[in-house]
Every structure is written in C-alpha cells, then in structure tokens.
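The values are calculated or read from the model by the stated rules, or taken from the named source; none is laboratory data. Bear in mind the structure is a predicted one, so any value in this text is a computation, not a measurement. Note: ideal-geometry Cβ built from the backbone for every residue, glycine included; neighbour counts use all protein chains shown. The accessibility values were calculated without ligands, DNA or RNA, using every heavy atom of the protein model including side chains. Shrake-Rupley method; radii C 1.70, N 1.55, O 1.52, S 1.80 Å.
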Amino acid sequence: GVYIIETFKDTPAARAGLRYGDQIIAVDGESSLDWNSDKVRDHLRGELGTEVKVTVQREGEDKPVTVKLERAAVDLPSISGTYLLKPGMGYVALSRGFHSTTSDELTASIAGLKEQGMTSMVLDLRGNPGGFLDQAIRVADKFLLRGQGIVSVRNREGKSGDRDWPAESGVPETFPLVVLIDDGTASASEIVTGAI
C-alpha cells in the first residue's frame with residue numbers, strides 16, 4: 001500500500017486533515033490498493049484549482065475517511081528537521097534541496113534554536129541534491145565574514161560572464177559549526193560546504 005509519511009504546513013493535504021500513517025486506498029473513487037506511489041502521485045496531480053477526492057484508511061477509524069483536496073502548487077520545505085541534540089547544540093537537517101525559501105527557513109531555524117539556548121550547531125547537508133544558486137549563496141553568507149569568497153564562476157577562454165560572489169552580510173553567525181556531508185551532497189550544497 002501507499003502511506004502518507006508527512007504532510008507539509010499550508011498544503012492541500014494538511015488543510016484537508018491528512019496525516020502521517022494514513023493509507024491511500026482510493027483516488028476519485030477508484031481503488032488504489034494495488035497502485036505504487038508513482039501511480040498515486042500521477043492521479044493526485046492535475047490542473048491547479050481542480051478538486052480531487054482522496055480516501056484513506058486511518059488507524060483507529062473503523063470506516064475509510066474521504067477528503068476533498070483543491071490542487072495547488074506545493075513547495076517542499078528545504079529543512080526537514082530542527083532541534084537541540086543536547087543542551088546548547090542545535091541540529092538543522094537541510095536535506096530537501098535549495099528552494100526559493102531555503103535561506104528564510106534557515107534564518108527561522110537558527111533564531112528558534114537560539115531561543116532554546118543553542119551555542120553551537122550541526123548543519124546536516126547529507127543527501128541534499130542542491131538547487132537554486134542564489135539560495136546557496138545566501139545560506140553561506142550567514143556564516144562568512146564580509147568579502148570572504150563563496151563561489152566563483154569561470155567560463156572557457158574567450159567567453160565572457162566570469163563572476164565572483166563574496167559574502168556581503170557582514171554579520172555572520174559566530175557559533176561553532178559542524179557541516180555533515182555524504183556522497184549525496186551535491187551542487188548548491190557543495191557550494192555551501194566548500195565556502196564554509
């Protein structure tokens with residue numbers, strides 16, 4: 001079966017009340033019990049603003065639950081987890097790529113952890129496939145002094161477009177920082193790692 005692992009805030013699924021552990025058993029009245037997750041996804045996707053009915057079997061409920069979703073664009077959050085590992089040590093899992101909201105998400109995560117007493121941080125970029133270059137630059141900028149290099153682009157001989165991106169904020173975070181990477185850390189996350 002296909003089960004919901006997580007719903008994201010302010011998405012059609014969250015607004016409809018779908019939650020972790022729900023098994024999707026029908027889409028628009030058609031049984032999905034023998035479908036794989038790709039087929040379920042394909043039936044859930046559609047023209048923005050149109051409705052789709054989703055029926056789930058929920059733990060603790062005798063009868064299936066059917067909800068209507070209005071299809072909408074869904075931006076996945078970049079940060080999948082933020083918490084204190086132990087007193088003073090914050091942890092941020094930036095694992096879902098660099099999207100248009102990544103820098104703002106990280107700013108909010110750091111602020112929340114500081115309110116909880118964070119004095120050092122682990123930034124987990126393992127499995128991060130990358131994404132928007134401007135967001136990688138803004139993330140790296142949070143940890144570097146003004147003028148320190150973040151990334152440079154060099155074109156082949158005879159072509160214009162060379163560019164350097166130095167840190168600009170001038171107010172970097174100064175707590176001890178550990179960055180975790182693996183063989184799935186790529187593209188924009190490599191830029192952040194290399195800059196730091």
Inset, instruction - Extending each Cα 7 Å along its Cβ direction at Ile4 and Arg41, get the distance between those two points in nm, one decimal. - result: 1.8
Legend entry - Under Karplus coefficients 6.51, -1.76 and 1.60, residue-wise ³J(HN,Hα) of segment 122-134 in Hz, glycine/proline x: 10, 9, 9, 10, 5, x, 6, x, x, x, 5, 4, 4
Legend entry - Segment Glu157-Val178, extension gain: residue separation times 0.36 nm, minus the distance between their alpha carbons: 3.8 nm
Inset, instruction - Treating cross-link reach as a plain straight distance, find the lysines whose alpha-carbon is under 23 Å from the alpha-carbon of Lys39, omitting any fewer than eight places away in the same chain. - result: Lys53, Lys68
Legend entry - Principal axis box of segment 1-71, alpha-carbon based, largest edge first, Å: 31, 25, 19
Legend entry - For the chain, built as a Gaussian network whose Cα springs stay under 10 Å, the top-fluctuating residue of Pro129, Pro176, Pro12: Pro176
Legend entry - Ordering of 108-114, 161-167 by burial proxy (mean other Cβ atoms within 10 Å per residue, highest first): 108-114, 161-167
Inset, instruction - Could you give the size of the charge dipole of the chain about its Cα centre, using +1 on the Cβ of each K and R and -1 on the Cβ of each D and E, expressed in debye and rounded to the nearest 20? - result: 300
Legend entry - Most fluctuating residue given options Arg45, Arg156, Arg138, as computed from a GNM of the chain linking Cα atoms under 10 Å: Arg156
Legend entry - ³J(HN,Hα) computed for each position of segment 139-151 - Karplus, 6.51 cos²θ - 1.76 cosθ + 1.60, integer Hz, glycine/proline x: 5, 4, 4, 5, 10, 10, 6, 3, x, 5, x, 9, 7
Legend entry - Sequence-separation-based contact order of the chain, relative, with Cα cut under 8 Å and 6+ spacing, percent: 15
Legend entry - Three-way shape call for segment 87-173 based on the alpha-carbon gyration tensor, with the a/c threshold at 1.5: prolate
Inset, instruction - Take the alpha-carbon centre of segment 23-98, take the same for segment 140-196, and report the distance between them in whole Å. - result: 33
Legend entry - Surface accessible to a 1.4 Å probe, per residue, for the residues of segment 101-188, Å²: 58
Inset, instruction - Using a 1.4 Å probe over the heavy atoms of the protein chains, calculate the carbon and sulfur portion of the accessible area of the chain as a whole percent. - result: 49
Legend entry - Nonlocal amide H pairs with Val2, under 5 Å, H built at 1.01 Å: Ile24
Legend entry - Long-range tail of P(r) for the chain (Cα pairs > 31 Å, %): 37
Inset, instruction - With a point put 7 Å past each Cα toward its Cβ, work out how far Asp34 is from Lys68 in nm, to one decimal. - result: 3.1
